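All remarks here apply to the structure that follows.
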Amino acid sequence: MAAASEVVFERCPPLKPFPVRKGKRLAPGWWWSATTGRLVHYGSAAMRLHVMLLDRDPRVGGLAARPLELRWRDPGGVRAHAPQLMLRLADGQGVLADCTARPELSQRQRSLAAVVGEICAAVGWRYWVLGPVDPVYRRNVAWLAGYRHPRNHGGPRLAAALQEGVRGIGDPMLVLPSLFHALWAGRLAAELGAAMHERMLVWAQAAK
């Protein structure tokens, strides 16, 4: 209980690296987070996907991979689980999360989720199980993620012009990266559930 309020888990390194498993299509790796400016470790394709999506989520202010392990007792003895992700939301609330590529949880996963959910509730946190994502939306965000770095911002003048919908504002080699960065950062919006193309509608988000 004390650690939940005193330790900044979203800034802690992983307890240990994710292992390389023979036969897996994606090896463990690191994601540079535009939210935190730091690397976030991932251990699977499903986890990498959700690290990318959370990095774009305006609710998320902190993000770390497996910075803590939970332990509890049940009739079978001592159990332990290290949730894959720790998030800190903009309102200060902590969230633990696990990622899965399956549309439905197994009985074991449901039982684990129930216990972890109770532990999180006891300390004022939340627990999320993050599942499959629409493939078109996933590909669109993956494209925009290539422009997430601040170097693609384009500067205040270009960013403001894009947000106002100004046409013919300059060299596409300069304008397009700034456009994609604005879409990634949420300053501009588009229907990312449909395939992206050169005539897609883009609009400015309301000022916060």
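The values are calculated or read from the model by the stated rules, or taken from the named source; none is laboratory data. Values in this document were obtained by computation on a predicted structure and should not be read as measured data. A quick note on method: Cβ atoms are made from the backbone with ideal geometry, for glycine too, and the neighbour counts reach across all protein chains shown. Heads up: the accessible areas ignore ligands, DNA and RNA and are worked out on the full protein's heavy atoms, side chains in. Shrake-Rupley method; radii C 1.70, N 1.55, O 1.52, S 1.80 Å.
Below, the figures for the structure above:
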{"item": "Accessible surface ranking that places the most exposed of 110, 11 first, with a 1.4 angstrom probe", "result": "11, 110"}
{"item": "Of all DSSP beta bridges in the chain, antiparallel share, percent nearest 5", "result": "80 percent"}
{"item": "Distance histogram for segment 70-116 (every C-alpha pair counted, 5 angstrom bins, percent rounded to whole numbers)", "result": "5, 16, 23, 24, 16, 12, 3, 1"}
{"item": "Share, in percent, of DSSP beta bridges within segment 76-129 that are antiparallel, nearest 5", "result": "50 percent"}
{"item": "Heavy atoms of residue 196 accessible to a 1.4 Å probe, total area in Å² rounded to 10", "result": "50 Å²"}
{"item": "Solvent-accessible area of residue 191 with every protein chain in place, 1.4 Å probe, in Å² to the nearest 10", "result": "120 Å²"}
{"item": "The chain, helix-only ellipticity at 222 nm - DSSP H runs n ≥ 4, -39,500 (n - 2.57), divided by all residues, nearest 500", "result": "-10000 deg cm²/dmol"}
{"item": "Dipole magnitude of segment 23-76, debye to nearest 20 (Cβ charges: Lys/Arg +1, Asp/Glu -1, about Cα centre)", "result": "120 debye"}
{"item": "Structure-derived Rg and Dmax of the Cα atoms in Å - corresponding label in [x] 22.9, 77; [y] 19.4, 68; [z] 18.4, 56", "result": "[y]"}
{"item": "Spherically averaged projected area in nm², based on the convex hull that wraps the Cα atoms of segment 1-108", "result": "8.3 nm²"}
{"item": "Per-residue SASA entry for residue 184, accessible area with 1.4 Å probe, Å² rounded to 10", "result": "10 Å²"}
{"item": "About the Cα centre, charge dipole magnitude for segment 21-168 (Lys/Arg +1, Asp/Glu -1 at Cβ), debye", "result": "560 debye"}
{"item": "Charge dipole of the chain about the Cα centre (unit charges at C-beta), most positive-ward option of 158, 92, 39", "result": "39"}
{"item": "Förster radius 35 Å - calculated FRET efficiency between residue 205 and residue 110, Cβ distance, rounded to 0.05", "result": "0.40"}
{"item": "Inter-label distance, nm, simple model (7 Å from Cα along the C-beta direction), residue 139/residue 189", "result": "2.4 nm"}
{"item": "Normalised contact order of the chain, rounded percent, pairs of Cα under 8 Å and 6 or more residues apart", "result": "15 percent"}
{"item": "Separation of alpha-carbon centers, segment 127-152 and segment 1-66, rounded to whole Å", "result": "14 Å"}
{"item": "For peptides 33-42, 114-123, 75-84, sequence by mean Cβ density within 10 Å, most packed first", "result": "33-42, 114-123, 75-84"}
{"item": "Solvent exposure, largest accessible area first (probe 1.4 Å, DNA, RNA and ligands not counted), of 22, 16", "result": "22, 16"}
